[in-house]
Amino acid sequence: MKIFRILPFLVTLSPVFAQTDAAKPNPKTDKPAAEQKPLLPSQQAFLNLPEERRKEFLKQLGEAARIFQQKRIFETFDLLDKADAIFPDSEESLNLRGSCYVEIRNFEKALVTFNKALLLSPDNSSINFNIAEVLFVTKEWQKSHDLFVKIVKDIPASQIALSRLVEFKILLCKKKLGMKEAAVELSKKYDIDDDSPYYCYAQAAIAYDDKNLAKAEEWLAVASRIFQNPEVLAPWQDTIVEFGYIKSFYGGDFSED
């Protein structure tokens with residue numbers, strides 16, 4: 001059986017949805033009104049709920065996120081149903097529900113759900129990332145490429161690991177789109193001293209394309225020696241499995257288009 005694994009962006013509550021008290025100004029922490037972004041309609045609707053209902057919604061959503069991390073997917077669905085019964089228009093809830101669909105390999109429903117979340121929060125980088133991941137896994141290379149290019153511009157400089165991973169996915173998309181020279185050039189963007197496995201995995205990708213499996217495996221081994229934390233390497237390993245370079249550890253293999 002073919003197993004697909006993507007890296008769902010962890011659900012984090014927006015500052016508005018994280019509020020449990022009525023929307024009262026706090027002179028010590030609130031920005032001047034001129035500096036604040038206007039509330040999205042869904043955010044304002046949430047703040048209009050009675051405090052107890054907001055607290056109960058956040059309790060259910062928080063528990064759903066915790067259970068999701070344990071891969072208890074159907075229990076997560078149940079908790080999301082309870083949260084949605086209180087407040088149905090939460091982009092955070094929809095984003096997590098879409099990630100659940102990804103875990104059970106229902107990519108069609110995942111994409112529909114993520115797009116519903118995006119309607120509520122059009123510039124949400126977490127939701128856009130998840131959409132791009134689904135497009136990557138389902139081999140929509142051009143759409144995935146274009147969305148990742150958009151996303152990478154908005155990733156904070158402090159999030160090097162995520163930024164490099166997205167750039168690696170862009171590199172792989174370029175390969176599928178026949179942009180070999182651009183992909184090779186991108187593989188040289190960082191060196192082996194970078195604070196991410198980017199260089200090693202980029203060189204492995206080039207070696208795979210050259211049918212030099214021994215060289216590719218050598219680069220993956222180098223990455224393992226440098227980055228000894230399996231959690232650091234997991235999303236990179238998943239990416240080359242999704243792409244089709246190596247067999248899934250869960251059985252089955254991946255053929256390239």
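Among the residues making up the stretch 136-149, those that are in contact with a helix residue (DSSP H, G or I) (Cβ under 7 Å, 6 or more places away or on another chain) and closer than 19 Å to A182 by Cβ are F136, W141, K143, S144, H145, L147, F148, V149.
If you go through the stretch 195-208 and keep only what is surrounded by 15 or more Cβ atoms within 10 Å (Cβ to Cβ) and in contact with a helix residue (DSSP H, G or I) (Cβ under 7 Å, 6 or more places away or on another chain), you end up with S196, P197, Y198, C200, Y201, A202, Q203, A204, A205, I206, A207, Y208. In this structure, is T113 surrounded by 19 or more Cβ atoms within 10 Å (Cβ to Cβ), in contact with a helix residue (DSSP H, G or I) (Cβ under 6 Å, 6 or more places away or on another chain) and either under 24 Å from A221 (Cα atoms) or free of Cβ contacts under 8 Å to residues at least 40 places away in the same chain (or both)? Judged against the criteria, T113 is a match. For A214, the requirement of being without any contact (Cβ under 8 Å) to a residue 40 or more places away in the chain, among the hydrophobic types (A, V, I, L, M, F, W, C) and surrounded by 15 or more Cβ atoms within 10 Å (Cβ to Cβ) is not met. Residues in the stretch 232-257 that are part of a helix (DSSP H, G or I) and at pLDDT below 90: E242 alone. May I ask you to list the residues in the stretch 140-158 that are farther than 17 Å from G244 by Cα and under 13 Å from the mean Cα position of the chain (by Cα)? Of everything in the stretch 140-158, those that are farther than 17 Å from G244 by Cα and under 13 Å from the mean Cα position of the chain (by Cα) turn out to be L147, F148, I151, V152, I155. Please verify whether the stretch 145-160 includes one or more residues that are surrounded by fewer than 18 Cβ atoms within 10 Å (Cβ to Cβ) and closer than 21 Å to L61 by Cα. Taking every residue of the stretch 145-160 in turn, none turns out to be surrounded by fewer than 18 Cβ atoms within 10 Å (Cβ to Cβ) and closer than 21 Å to L61 by Cα. Residue-level check: of (1) farther than 25 Å from Q228 by Cα; (2) under 18 Å from the mean Cα position of the chain (by Cα); (3) among the hydrophobic types (A, V, I, L, M, F, W, C), L172 misses just (1). If you go through the stretch 116-146 and keep only what is acidic (D, E) and either closer than 20 Å to P41 by Cβ or free of Cβ contacts under 8 Å to residues at least 40 places away in the same chain (or both), you end up with D123, E140, D146.
Confirm whether I151 is free of Cβ contacts under 8 Å to residues at least 40 places away in the same chain and more than 26 Å from I170 (Cα to Cα). When the stated conditions are applied, I151 does not pass them. Of everything in the stretch 128-183, what is assigned to a helix (DSSP H, G or I) and among the charged types (D, E, K, R)? Give them in sequence order. Of everything in the stretch 128-183, those that are assigned to a helix (DSSP H, G or I) and among the charged types (D, E, K, R) turn out to be E133, K143, D146, K150, R164, E167, K169, K174, K175, K176, K180, E181.
The values are calculated or read from the model by the stated rules, or taken from the named source; none is laboratory data. A quick note: this is a predicted structure, and the numbers were derived from the prediction, not measured. Counting neighbours? That spans all protein chains shown, and the Cβs are built from the backbone with ideal geometry, glycine included.
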